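> After the structure tokens below, expect a handful of questions from me.
The values are calculated or read from the model by the stated rules, or taken from the named source; none is laboratory data. Quick caveat, the model's predicted, so the values are computed rather than measured. Here Cβ is always computed from backbone atoms with ideal geometry, including for glycine, and neighbour counts include all displayed protein chains. Note: areas computed on protein heavy atoms with side chains; ligands, DNA, RNA excluded. Shrake-Rupley method; radii C 1.70, N 1.55, O 1.52, S 1.80 Å.
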Amino acid sequence: MSRFIDGMPLAQAQALLQARVACVAEEWEVPLQEGLGLVASRPVAAPTPLPAFARSTVDGYAVHSCDTFGAEEGSPALLALDGEVLMGREETVPLPAGAARQMPTGGMLPPGADAVVMVEQCEVVDHATLLVWKRVAPGENVVQAGEDVPAGHPLLAAGRRIRPEDIGLLSACGVRSVFVRAPLRVGILSTGDELVAEDRPLQPGEIRDSNRPMLSALLREAGAVAVDYGIVRDAASALSAALAQAVQACQLVLLSGGSSMGLRDYAAPAIDSLGAPGVIIHGLAIKPGRPTIVGFAGAVPVFGLPGHPAAAMTVFRLLVAPVMRLLSGEREGSPLLLPARLTRNVASAPGRDDFVSVRLVQRTDGLWAEPVFGRSGLLSVMTEADGVLHIPSASGGRYGGEWVQVAVYRLEQIRRDEEGEQKR
Ligand code: AMP
Ligand code: MG
């Protein structure tokens, strides 16, 4: 077990986990619709070109583009009307030179035609004659066969979390099922003699267990299944027994609380009791989140998260979420970084990575990040924030007005700060 008095540097902990954790999620083949939100485990290549034939992108007339050369306002091209292309029908009759065939958006281009004139630029003179008021270039208003996706090209990469638009593209190519990773089963439990579950009355001195519901929500948001092992007393044997059960049934286990080095903190010995290798990190050089434990029971990662809600959330995002991506073979999912200017100075001690919660405010001169300070552990501070400013251990604090990168975990509407603008 490595005990770091000052905590292990974050980058070192991240690298250690990166090297140690592999994909364990089972592979399923599911009907395409059921793949939504799951991670693709195998790439899918286009079985056929998309579209399979050249199609018109406008309502108009299919032509030989050379027949329209020189057409312009005041000097239209005169073409012979040659029937109509029907939606969903194959066009086999070639378009004669000097002719134009009526064309719906999405219809199949007749053999010989190489462009479509928009209906707005045409005038039907009589049942046999069309005037074209504007020339078209070869290929104009046409999607060529394979222009969307050539045959054999990737439609879906392994490791991608499947989105509705992926399902659209795969359906267009006739793909009906996909190979995906099964959602991870993640065990959660809280420890703390002060903690009370939601269905019990609260006695003086007790607090509600808010980390378990929050972690459960974070897990579900990340596409995992949370397996709830409830609240466990601050006692080594009870904790060991509950953890042993969780590591049997789950691919990852999160324990909240008892992760410091106090007399009644049993997370580390309990994780060690599960067998080799046990605790590999105890203490991280970050704020919030210093009392963090990372261990393994065999290949199953077990996190001892700090009881402080803001710290638990921070460590979840910094370490747990990337581990979940490794376990499920997901290749995407880093938070979005948005540049913003700081509204005020932020102090930071060297030697540790600081994570400062900020509100983002849109002003006429751009995006501003306003630190939401408060005592650590205040839950309302977290709900006030839109993102997190990372101050790496090598650098000092930041000045008000400085440009910084804010990690944004969800793109909700950023508020307009009319009050702040009037003040300035
Ligand atoms: P601990 O990590 O057990 O030392 O707890 C640190 C702080 O977080 C203490 O104030 C605890 O009461 C609080 N805390 C611990 N676990 C939870 C939890 N599950 N929900 C809310 N607060 C907690
Ligand atoms: Mg505790």
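> Given a 1.4 Å probe and the protein chains all in place, what does the accessible area of residue 26 round to, in Å² to the nearest 10?
80
> Here's something else I'd like to know. What length, rounded to one decimal in nm, is gained on full extension from residue 249 through to residue 147, with 0.36 nm per residue of separation minus their alpha-carbon distance? Write down the numbers at each step before the final one.
Working: separation 102, 0.36 × 102 = 36.72 nm, distance 4.79 nm.
The span from residue 249 to residue 147 would gain 31.9 nm if fully extended.
> Extension gain residue 217-residue 131, at 0.36 nm per residue separation less the Cα-Cα distance, in nm?
Details: separation 86, 0.36 × 86 = 30.96 nm, distance 6.34 nm.
Between residue 217 and residue 131, full extension yields 24.6 nm more.
> About the Cα centre of the stretch 103-256, how large is the charge dipole given +1 on each Lys and Arg Cβ and -1 on each Asp and Glu Cβ? Please answer in debye to the nearest 20. Could you put the intermediate results ahead of the total?
Details: 13 positive and 18 negative charges, 107 e Å.
I would put it at about 520 debye.
> With just the Cα atoms defining each centre, how far is the stretch 15-77 from the stretch 234-270? Give it in Å.
Rounded to whole Å, the Cα centres lie 48 Å apart.
> Using a Förster radius of 51 Å, what is the FRET efficiency between residue 72 and residue 163 based on their Cβ-Cβ separation? Nearest 0.05, please. Don't skip to the answer; put the middle values down first.
Working: r = 45 Å, r/R0 = 0.88.
Using R0 = 51 Å, I get an efficiency of 0.70.
> I want to verify a result. In a Gaussian network model of the chain, Cα cutoff 10 Å, which of these has the top mean-square fluctuation: 375, 363, 264?
Sorting by GNM fluctuation, first place goes to 375.
> Something else now. In the chain, with Lys and Arg counted as +1 and Asp and Glu as -1 at Cβ, which of these residues, 251, 314, 275, has the Cα nearest the positive end of the dipole, that is, farthest along it?
275
> By how many nm would the segment from residue 18 to residue 241 lengthen if fully extended, with 0.36 nm per residue of separation less the alpha-carbon distance?
On the way: separation 223, 0.36 × 223 = 80.28 nm, distance 2.83 nm.
Residue separation times 0.36 nm, minus the Cα-Cα distance, leaves 77.5 nm.
> Over the stretch 55-143, what per residue volume does the convex hull of the Cα atoms give, in whole Å³?
Values: hull volume 6.6 nm³, N = 89.
Per residue, the Cα convex hull of the stretch 55-143 comes to 74 Å³.
> Of the residues 25, 115, 299, which exhibits the maximal mean-square fluctuation in a Gaussian network model of the chain defined by a 10 Å Cα contact cut-off?
Result: 115 has the largest fluctuation of those listed.
> Now for a different question. GNM on the chain, C-alpha springs below 10 Å: top fluctuator among 146, 351, 60?
Most flexible of the set in this elastic network: 60.
> Turning to a different aspect of this structure: Which log10 I(q)/I(0) values, to two decimals, does the chain give at q = 0.11, 0.14 Å⁻¹ under the Debye formula with one point per Cα?
So the normalised log intensities work out to -0.89, -1.18.
> By accessible area of protein heavy atoms, probe 1.4 Å, what ranking do 227, 93, 408 get, highest first?
Working: 227 40, 93 90, 408 10 Å².
The most accessible residue leads, giving 93, 227, 408.
> Shifting gears a bit: What is the calculated FRET efficiency for residue 87 to residue 45, with r their C-beta to C-beta distance and R₀ = 30 Å, to the nearest 0.05?
Values: r = 29 Å, r/R0 = 0.95.
For R0 = 30 Å, the calculated efficiency reads 0.55.
> Further question: Towards the positive end of the charge dipole of the chain, with charges on Cβ (+1 Lys, Arg; -1 Asp, Glu), say which of 38, 406, 323 has the farthest Cα.
323
> Related question: Rolling a 1.4 angstrom probe over the protein heavy atoms, how many square angstrom per residue are accessible across the chain?
Numbers: 20870 Å² over 424 residues.
In whole numbers, the chain has 49 Å² accessible per residue.
> Non-local amide H neighbours of residue 177 (under 5 Å, H modeled in plane, Pro and chain starts lacking H): which ones?
Long-range HN contacts for residue 177: 32.
> So, one more: Mind ranking 231, 391, 280 by accessible surface for me, highest first, 1.4 Å probe? Before the final figure, lay out the partial values.
Details: 231 55, 391 0, 280 20 Å².
Result, largest first: 231, 280, 391.
> I need the GluC sites (Glu not before Pro) found in the stretch 111-170, filtered to DSSP loop residues with at most 13 other beta carbons within 10 Å of theirs. Intermediate results must be reported in sequence, preceding the final value.
Numbers: sites: 120, 123, 140, 147, 165; in loops: 140, 147.
Sparse-neighbourhood loop GluC sites (Glu not before Pro): none present.
> For the stretch 310-337 and the stretch 137-174, what is the separation of their C-alpha centers, rounded to whole Å?
The distance from the Cα centre of the stretch 310-337 to that of the stretch 137-174 comes to 30 Å.
> Ranked from the most accessible area to the least, with a 1.4 Å probe and all protein chains present, what is the order of 409, 229?
Greatest to least solvent exposure: 409, 229.
> How big is the accessible area of residue 28 in square angstrom, nearest 10, if you roll a 1.4 angstrom probe over the protein chains?
The accessible area of residue 28 comes to roughly 110 Å².
> Which residue, chosen from 93, 83, 124, occupies the Cα position most advanced towards the positive end of the dipole of the stretch 55-143, where the dipole is computed from +1 (Lys, Arg) and -1 (Asp, Glu) charges on Cβ about the Cα centre?
Going by the charge dipole, the pick is 93.
> Report in % the part of the accessible area of the chain that belongs to carbon and sulfur, leaving out ligands and nucleic acids; probe 1.4 Å.
Answer for the chain is 54 percent, counting heavy atoms of protein chains only.
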